[in-house]
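Quick notes on the structure that follows.
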Amino acid sequence: MDISACPYHSKLSKEFKPFDLTDPFPVYKKAREEEPIFFSEELGYWVVTRYADIKEIFGNWQVFTSENAQTPPKPVPDSVRKIMVEGGIVGLSGLSGRIPPDHTRIRRIVTMAFTPKRLRKLEPDIRALAIEMIEKFEQNNHAELVKELVYDLPAFVIFMLLGVPKEEVTQVKAWAISRMMLTFSETTEEEQLFHANQVVKYWQYCKDMVTRRKEQLGDDFPSDLVRLQQEGYEINDQEIAAMCYNQLFAGHETTTSLMGNGIRELLKYRENWEKLCANPALIPGAIEEILRFNPSVITWRRRAAEEATVGGVTFPKGANLLLIMGSGNRDESVFPNGETLDIERTNAKEHLSFGSGIHYCLGAPLAKLEFKIVLEELTKRFPQLQLKPNQTFEFAFNTSFRAPIALEVEW
Ligand code: HEM
């Protein structure tokens, strides 16, 4: 079927609300069954919903480039673009928006700095931090877990990784939020102007961070990259700064959302919480299943570098694609009873939530480690944990990052 000539005929286009992530799963299911690839008029993107098609696109980086992954979903006004161009932000990516050969070269060096050894070094500090945060509310009989635990924890972990001093944390975090708003949300021109100015400051901070590490090396991720550069590995200052610029963003909201979604689902289908309390060895498998069932990065983007056909649909050259991992992960042809959370599912790990292929998420082991520690510490202390009744869950208005803004629990 070649529908490229008339992309606007899609039935699903009207039902699909790209920025409203409150409960997108019924529309995803309908799309998988009736129109697995359709054109979203609102977004101007082709939307891909089946597992096999998403995996094929992720796997073919030559044809489906990731170069649009970090650009705002809709064209930005000239006033905003001017600030970004002058601030050096346009076209800036750590890894996910780059393609080979640059991607291969930089990813190899970054992998050398982001090692299991660095994770092992971080683990006791992550646990100590989690315990300290939990102890602050342990004596109460209720908590708002986003505010009191899962929002700050991954941010502090990335700050440890990057070696950002405590007194700079609040400012850096505010800049990183602007980075997300500009790239993934729908905002007014006035808001975009504000965020553009913020990200320019954030970018300057990252460049200064590299300069500071060159003056004095420390025991952190940017210092490791500078060390590798000094040993002769081919990575320049701008590329190191871009990794830092993206790392904070890549590793914070994503992990907050994993934990927010995860705890919510485990408590919503509470027999799962009970199983974990009785047998913590089930925690790693449960994390994979949560990633499958309710991924924190629910969609990701690609662009067709040439005309190409997937799943019987021909995309014109230059077509923008929105891959719905949150849909592919529930595709019944791969995950029987895909709409059900089953923490003992044997193939949960085949989910698409960290992408696939050459861009597969570098931080996946860190995100899973953080959530494992949090679940171990929570299940140990709160076997009675439950969702506070009658709460409504709100989700940030954006295309890709889905998690409850607040999560009230009691015990
Ligand atoms: C639950 C948490 C996380 C989720 C769901 C997630 C998801 C993703 C996704 C979907 C991609 C794009 C994959 C693709 O294009 O094929 C990605 C790439 C990436 N992620 Fe994550 N991520 C998470 C946590 C982290 C953390 C903690 C870090 C770092 C500290 C991180 C660093 C990266 C980097 C550097 C890339 C780019 C890799 C490349 O292009 O080669 N992520 N992640």
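The values are calculated or read from the model by the stated rules, or taken from the named source; none is laboratory data. Computed from a predicted model, the values in this text were never measured in an experiment. Note: ideal-geometry Cβ built from the backbone for every residue, glycine included; neighbour counts use all protein chains shown. Accessible surface areas use protein heavy atoms only, side chains included; no ligands, DNA or RNA. Shrake-Rupley method; radii C 1.70, N 1.55, O 1.52, S 1.80 Å.
Out of ILE358, ILE405, which single residue is touching a residue at least 60 places away in the same chain (Cβ under 8 Å), surrounded by fewer than 19 Cβ atoms within 10 Å (Cβ to Cβ), within 10 Å of the ligand (Cβ to nearest atom) and among the β-branched types (Val, Ile, Thr)?
From the options ILE358, ILE405, the qualifying one is ILE358.
Taking only segment 208-222 into account, find how many residues are open to solvent by 70 Å² or more (accessible area, probe 1.4 Å) and either part of a helix (DSSP H, G or I) or in contact with a strand residue (DSSP E or B) (Cβ under 8 Å, 6 or more places away or on another chain) (or both).
4
I'm trying to understand the selection: among the residues of segment 325-355, which are within 15 Å of GLU56 (Cα to Cα), aliphatic (A, V, I, L, M) and within 16 Å of the ligand (Cβ to nearest atom)?
MET325, LEU352 - these are the residues of segment 325-355 that are within 15 Å of GLU56 (Cα to Cα), aliphatic (A, V, I, L, M) and within 16 Å of the ligand (Cβ to nearest atom).
If I ask for residues that are among the β-branched types (Val, Ile, Thr), part of a helix (DSSP H, G or I) and within 15 Å of the ligand (Cβ to nearest atom), which ones from segment 99-137 would you list?
If the condition is that a residue be among the β-branched types (Val, Ile, Thr), part of a helix (DSSP H, G or I) and within 15 Å of the ligand (Cβ to nearest atom), then THR104, ILE106, ILE109, VAL110, THR111, ILE126 are the ones that fit.
Which one of PRO383, PRO389, PRO316 is more than 15 Å from the ligand (Cβ to nearest atom), over 30 Å from HIS142 (Cα atoms) and open to solvent by 40 Å² or more (accessible area, probe 1.4 Å)? Let's see the steps before the verdict.
On the way: PRO383 fails: over 30 Å from HIS142 (Cα atoms); PRO389 fails: over 30 Å from HIS142 (Cα atoms).
Exactly one of PRO383, PRO389, PRO316 is more than 15 Å from the ligand (Cβ to nearest atom), over 30 Å from HIS142 (Cα atoms) and open to solvent by 40 Å² or more (accessible area, probe 1.4 Å), namely PRO316.
Tell me, which strands (runs of 3 or more DSSP E) lie completely within segment 307-411 with 3 or more residues that are farther than 23 Å from LYS17 by Cβ and not hydroxyl-bearing (Ser, Thr, Tyr)?
By residue number, 408-410.
Does ALA143 count as in contact with a helix residue (DSSP H, G or I) (Cβ under 7 Å, 6 or more places away or on another chain), among the small types (Gly, Ala, Ser) and farther than 20 Å from ALA367 by Cβ?
For ALA143, the condition - in contact with a helix residue (DSSP H, G or I) (Cβ under 7 Å, 6 or more places away or on another chain), among the small types (Gly, Ala, Ser) and farther than 20 Å from ALA367 by Cβ - is met.
I'm trying to understand the selection: among the residues of segment 78-98, which are more than 19 Å from the chain's Cα centre (by Cα) and within 16 Å of the ligand (Cβ to nearest atom)?
Here is the first cut: in segment 78-98, the residues more than 19 Å from the chain's Cα centre (by Cα) are 78-91.
Listed by number, the list holds a single entry, GLY91.
PRO154 is checked against (1) away from the ligand (no atom under 11 Å from the Cβ); (2) over 28 Å from GLU231 (Cα atoms); (3) at pLDDT 85 or above and fails just one. What number does that condition carry?
Exception for PRO154: condition (1).
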